[in-house]
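Engineer: Take this structure, written in structure tokens, and hold onto it; I'll ask about it next.
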Amino acid sequence: MHFVEQIGRYRLERRLGTGAFGTVWLAHDDVLEAPVAVKVLADNWAHRLDIVARFLSEARLLRRADSNRVVQVYDIGELPDGRPYFVMEYADAGTLADLLTSGPLPVSEALRLTALAARGAAALHKAGIVHRDIKPTNVLLRSAPDGSYRVLLADLGLAKSLAQGSGLTLAAGSAGYQPPEQAQPGYGIDERADVYSLGAVGYELLTGTVPGAPGQVVRPDRLRPDVSPEVQRALFRALEPDREKRWPTAREFAEELERLAAEAAPTRRQRKQRRPHSRHRSVALMAGLFVVVAAGTGAVVLNLPSSSKSSDLRVKDSTGRIVAEVPAAWGRQLRDSGWNPQTLGLQSGHEPGLAVADDLAKWPDLSADVNGVFIGLSEHGSVTTEVDDIAHSGCHYDGSHAYANATWRGTIRTWSDCSGGTGTLSETALRMVGGAAQPQVYVQIRQHSGDATSRILRSLRVT
């Protein structure tokens, strides 16, 4: 395929992924001024009328689902060479598979996300569609204005209408997520096939491991002792080789997972009592970063204006390489003289960095009410590896989620109830989209209320 920069009114920016039959591009709709995903049939399949029909069928099935739990199709068209394409909403926060890069999720979070995926499957089933290939890479995350994430089912390339699925079908699905009835041709399928796949997704989110063959799945509590018998029973019922013994619908499976997630979520009192396992660094890291910034040559606290015509204030470090926007109320004080990545365990040196907050004197105290951001640039080593190894003793670990925009990708990890405080601490290691190893950026965000994390990360620019 020859690279094109424009498809219709959609300006291509970068490739998101390539599958068996097509390529998905991140593009920009210059009319609506919004990012979109454009899926284009591969040129080596353009002569196969059956493949073209399947490609167009995926777009029609997505459109037919008409649910905010399933990726939406906005447009469909044809390239000058005759290859079809369709335009979808862009899921900017990655997939469930991205969340697993840091290991298994907290029990309540794993159950909640699986329940949301099951709700998406229920929406497909209501529209008369069976997915047939639900797995973590096909469950997308899209950031919402309130800072939360929508869970979206995607990739209906193997999907069928339930009317067709009840007859003879070809083998389909992915190993580990594939129910027995999909493993060989000739067996009719129904929505319980998707229930099996959802059980496999939940199992992987909890254990970090793809389940074994049907009927040979290792008990989750052998891989993760804190999985309760009730959670195990719910997953094993979904993973029953005999579909007559599974949850009869995705909706009922979702309802049970939601109930179990609510029970697994710690109360505020429990959060204060719990202490996460510390791997090799803890709260001292927060103070260490601050001291390093403060100790830099010529480091000063700049008292910034407390009011602004804009809701955000632009700040930059002394070199001008780091630029970001923070809520105007946070921008009272700034230290812009850099930091030493050795604090994270990386190569010692003086790199660009800044700290901005409403009261920098409170920053080292994790229980204090403070709103602010620390941003440190590193040109050497893996910031991701070091950040993933941080544990803040005295704080409750709330879990992690993938983050991605047009420039950066990373995993945001969050803590709360630090020494009885009411605020939250979030941190991430960001890598540039496109594969460049350097530079990498370490970001810590302290917030007393609300969640401005995505807003700040979207504004971050590094030169």
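We did not get these values from a lab; they are worked out from the coordinates using the rules stated. Since this is a predicted model, take the numbers as computed values, not measurements. Glycine gets a Cβ as well: all are built from the backbone with ideal geometry, and neighbour counts include every protein chain shown.
Engineer: What distance in nm separates the simple spin-label points at GLN438 and ARG455, each placed 7 Å from Cα in the Cβ direction?
Structural biologist: 3.4
Engineer: For THR463 and GLU244, what is the calculated FRET efficiency with R₀ set at 60 Å and r taken between the beta-carbons, to the nearest 0.05?
Structural biologist: 0.45
Engineer: While we're here: Starting at the first residue of the stretch 23-38, write each ³J(HN,Hα) from the Karplus equation 6.51 cos²θ - 1.76 cosθ + 1.60 with θ = phi - 60°, in whole Hz, x for Gly and Pro.
Structural biologist: My calculation for the stretch 23-38 gives 10, 10, 10, 7, 9, 10, 7, 6, 7, 8, 6, 8, x, 9, 10, 10 Hz in order.
Engineer: Which value, to two decimals, describes the C-alpha radius of gyration of the stretch 307-463 once divided by 2.2 N^0.38 Å?
Structural biologist: Working it through for the stretch 307-463, the quotient is 0.97.
Engineer: Also: How many percent of all Cα-Cα pairs in the stretch 1-91 sit more than 24 Å apart?
Structural biologist: Details: 566 of 4095 pairs.
Value for the stretch 1-91 (Cα pairs over 24 Å): 14 percent.
Engineer: Right, next: What list do you get for ARG48, ARG446, ARG132, ARG150 if you sort them by fewest beta carbons within 10 Å? Can you show the working numbers first?
Structural biologist: Values: ARG48 13, ARG446 26, ARG132 23, ARG150 16.
Ascending Cβ contact count within 10 Å gives the list ARG48, ARG150, ARG132, ARG446.
Engineer: To continue, here is another question. For the residue pair ARG233 and ARG63, what label-to-label distance in nm results when each label sits 7 Å from Cα along the Cα-to-beta-carbon direction?
Structural biologist: 4.6
Engineer: Between ARG11 and GLU255, with labels modelled 7 Å along Cα→Cβ, what's the label distance in nm to one decimal, could you check?
Structural biologist: With each label point 7 Å from Cα toward Cβ, the separation is 4.9 nm.
Engineer: Arranged from highest to lowest average of other beta-carbon atoms within 10 Å per residue, in what order do the peptides 80-89, 134-143 appear? Please list the in-between numbers first.
Structural biologist: Working: 80-89: 17.3, 134-143: 22.8.
Packing proxy ranking, top to bottom: 134-143, 80-89.
Engineer: Provide the gained length on full extension for the span LEU56 to VAL323, in nm with one decimal, where the gain is 0.36 nm per separating residue minus the Cα-Cα distance.
Structural biologist: Values: separation 267, 0.36 × 267 = 96.12 nm, distance 4.34 nm.
The LEU56-VAL323 span can extend by a further 91.8 nm.
Engineer: Same structure again: Stokes-Einstein D for the stretch 96-265 at 20 °C, 1.002 mPa s, Kirkwood Rh over Cα pairs, in µm²/s?
Structural biologist: 136
Engineer: If you average the alpha carbon positions of the stretch 98-131 and of the stretch 416-463, how far apart do those two centres end up, in angstrom?
Structural biologist: Each part reduced to its Cα centre gives a spacing of 25 Å.
Engineer: In which sequence would TYR196, TYR397 go, from the one with the fewest C-beta neighbours within 10 Å to the one with the most?
Structural biologist: If I rank by nearby Cβ atoms, fewest first, I get TYR397, TYR196.
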